[in-house]
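What follows is a single structure, written as structure tokens, with notes after it.
The values are calculated or read from the model by the stated rules, or taken from the named source; none is laboratory data. In this text, all values refer to a predicted model and were calculated from it rather than measured experimentally. Cβ coordinates were reconstructed from backbone atoms using ideal geometry, including for glycine residues, and neighbour counts include every protein chain displayed. Quick note on the areas: whole protein, heavy atoms, side chains included, nothing else; ligands and nucleic acids left out. Shrake-Rupley method; radii C 1.70, N 1.55, O 1.52, S 1.80 Å.
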Amino acid sequence: MQYQINDYLFDDETFMLFKHGGEVVHFRKNEAILLKFFLQNTDQTLSKAQILDAVWEGKAVSEQVVFQNISHLRALFGNGAIKTYPKKGYKWTLAFEKRAAAPPNTPVQDEPLIDFSNDNHGKSLSKRTSNTLLAMMFATIAVLAIYYLFPAKNIAISYSEKVSLLPIIVGSTLENNTATKEVTEKLWHPIQKQGQYQVLEDLHTTKYQNIFSAPREHYNLLKDKHQHAYLVAIALEQHHSAYSARLLLINNNTHWQSNTTDTNLEGLHDKLGKQLQALLSTKLLEVEPTDTLSTSTILSLIHKTLPEDLTVLYRLAESLNQSGQAHKAKLMSAELLEKANATENEPFQAMAYFQMAKSLTHLGHLEQAKSLLDDAHAIFSQYSYYPSLIAVAHARLGIAFANGFDYYEIKNALLQAIEAAQRVNDPIQEFSDTLQMSHIAGNLQKDEDHSFFINQAKHLLSQHQLSDIELARYHVYAGIHEDHPTISENHLRQALLLFPKDFEDETLELGRTKLIEQLLSEERWQEAIDTLDKVPTKTSKQQLGFAKVYASQQIWQRAEQHALDAFKIASINNQLATALDSALFLANFYDQHNQQEQKVWYLEFIKREYKSQKFWGSYNIAELQKLGVNI
């Protein structure tokens, strides 16, 4: 069946979406399945559970994935296409016509290249040793725009992947034809011979000179000209008797970077070819970026195929850390360090130190983690890997929060992150860390620092014309630390208006929580409930907000139930700080109602878990002491 939706034509068998004139529109598999589900159920309000079951078929993915895919559909068809019904679900409301005519004559295409979680720590891994850099140096960048469409499940389709291939020679003392022939014959021809690829067109080469330092900027330029593009870039260099190749793979959401070395071009091309084949065959792009368990599983399979590939091993350790498998991540980091030492690859040694430090932090071995971060910082500084230095600074910040609270240690870590962001010319990262510093300073009554950093954030907003989301975040932190109630409320309400619909993150929840507290202090109960009702999903902080509202009105049963829901959601989603907040609320609640057994249970939870959140303990020390908890 085909559906005419305004200027779009959607075929629910091939899962293709066409614009007026036959242009194929960027469409991911899950978005296509979700659109089909909406169009086949226009008479229903579909709950998140129904959507998760229909689109992801019971896979363990977060509810945030639903919002992301709905947001993509709204971006295509307009915000009014899908209406949100708080606490109920979503309903398709845009008119359409069913059609039986054949779709435009555009070939169905295979699934896209593999999508890896966004990570800046693997950038620029080639060893920059000026003493060993020969005068002869060449760089080859190949740009592939891959047009694709996800096929429907259980439908036999003849696949055809179209690739736009362009070798670019930059600053080489070799003849261009020689280098081009090496890349084409040794790397691209084997892929093209599979019959799934063909050269479409050349692109303007001069625009891709600095693609590795600004990949997202170049991807956006390419995407504007070529719908649904995937960008692959490869740069080759020669250092004494060794060759190295940097690989970039980027799509709409994420990117993958790797560095490969060998003593000859033949071996280098062989390694690159195997890596690309592994990336193409595993189809990791079908996995949502938030689904870290599936990502870890697929990366484990790739690692078995390419056991000596250090980038794959690093990504596996990173994914295991992200999915909470700290013990396994530590083992993978140790394996990475052993192989990096064997090949004298200092950047990968630093990356192994970094991931091992993350694992040890999760396991509570904070002093060992700090030592490893120092080792990683020294190497990343030597090679001027500023994105990695930002990551190290943030890891130090996490340790500082977990290991008591030293304001100057935290300030030093954030200043290092801000400096690195300035060096790499990343104003969004600089803005984010500047805001965080203003927030911490404000919480600890460091008024001079708070004033300096909040004004610096405001300056960055105007200087770089940052997005509405960054402006919203500024209003959150300005509102939280504003003494005048009316000005504070205006900041917070402006922030809630600027954040997009269905958008959720910690800063937004922080601003909403502060606004709720202010409304409760003024006994504006209904406004507080209305604010919480606008939250597009049932989050732990939303439920805790409801609990506080009902407790303020002495509606005890509802307060208790919402607090229990908040504790449950936070525990399931590994949101320890919110779980502790909920436990503290419940401990106070049961203390007030003389339910000692329940009170003791939540106090024991707090005593057991606060040790990895020592900042939380310091922040709530007065309330804990009233309950008899000494920390």
inquiry  = Nothing charged except the Cβ atoms of Lys and Arg (+1) and of Asp and Glu (-1): what's the magnitude of the dipole of the range 476-534 about its Cα centre? Round to the nearest 20 debye.
reply    = 160
message = Show me, for the range 480-487, the HN-Hα J-couplings you get by feeding each phi into the Karplus relation (A = 6.51, B = -1.76, C = 1.60, θ = phi - 60°), rounded to Hz, glycine and proline as x.
response = 4, 9, 8, 6, 6, x, 5, 5
J(HN,Hα) series, the range 83-97, from Karplus relation 6.51 cos²θ - 1.76 cosθ + 1.60, nearest Hz, glycine and proline x = 9, 8, 10, x, 6, 10, x, 9, 9, 6, 10, 7, 5, 7, 10
note = Reported to the nearest 10 Å², Arg423 has, with a 1.4 Å probe, an accessible area equal to 140
Relative pair counts by distance (%), Cα atoms of the range 512-601, 10 Å bins = 19, 51, 28, 3
ask   = Got a number for carbon plus sulfur as a percent of the range 533-588's accessible area, 1.4 Å probe?
value = 46
query = When you count, for each residue, the other Cβ atoms within 10 Å and take the mean per peptide, how do 429-441, 582-594, 75-87 rank with the highest first?
reply = 429-441, 582-594, 75-87
Mean Cβ neighbour count within 10 Å, used as a protection proxy, ranking 485-491, 363-369 highest first = 363-369, 485-491
task = Taking only protein heavy atoms into account and a 1.4 Å probe, give the accessible area per residue of the range 424-504 in Å².
result = 51
remark   = Counting only protein heavy atoms and leaving out ligands, DNA and RNA, the solvent-accessible surface of Thr45 at a 1.4 Å probe, in Å² to the nearest 10, equals 50
Solution diffusion estimate, µm²/s, Stokes-Einstein, the range 452-550, Kirkwood Rh from C-alpha pairs, 37 °C, viscosity 0.692 mPa s = 237
request  = Just the number, please: carbon plus sulfur as a percent of the accessible area of the range 428-475, 1.4 Å probe, no ligands or DNA/RNA counted.
outcome  = 45
Across Lys88/Lys501; Lys446/Lys541; Lys328/Lys607, pairs whose alpha-carbon gap is larger than 18 Å = Lys446/Lys541; Lys328/Lys607
P(r), alpha carbons of the range 256-414 - 5 Å bins starting at zero, rounded % = 2, 9, 17, 20, 19, 16, 10, 5, 2, 1, 0
request  = Whenever you get a sec, line up Tyr8, Tyr383 from highest to lowest accessible area (probe 1.4 Å, protein heavy atoms).
outcome  = Tyr8, Tyr383
request  = From the C-alpha gyration tensor of the range 475-531, pull out the three semi-axes of the equivalent ellipsoid (sqrt of 5λ each), sorted largest to smallest, in whole Å.
outcome  = 17, 14, 9
request  = Using a 1.4 Å probe and counting only protein heavy atoms, arrange Trp601, Trp616 so the residue with the most accessible area comes first.
outcome  = Trp601, Trp616
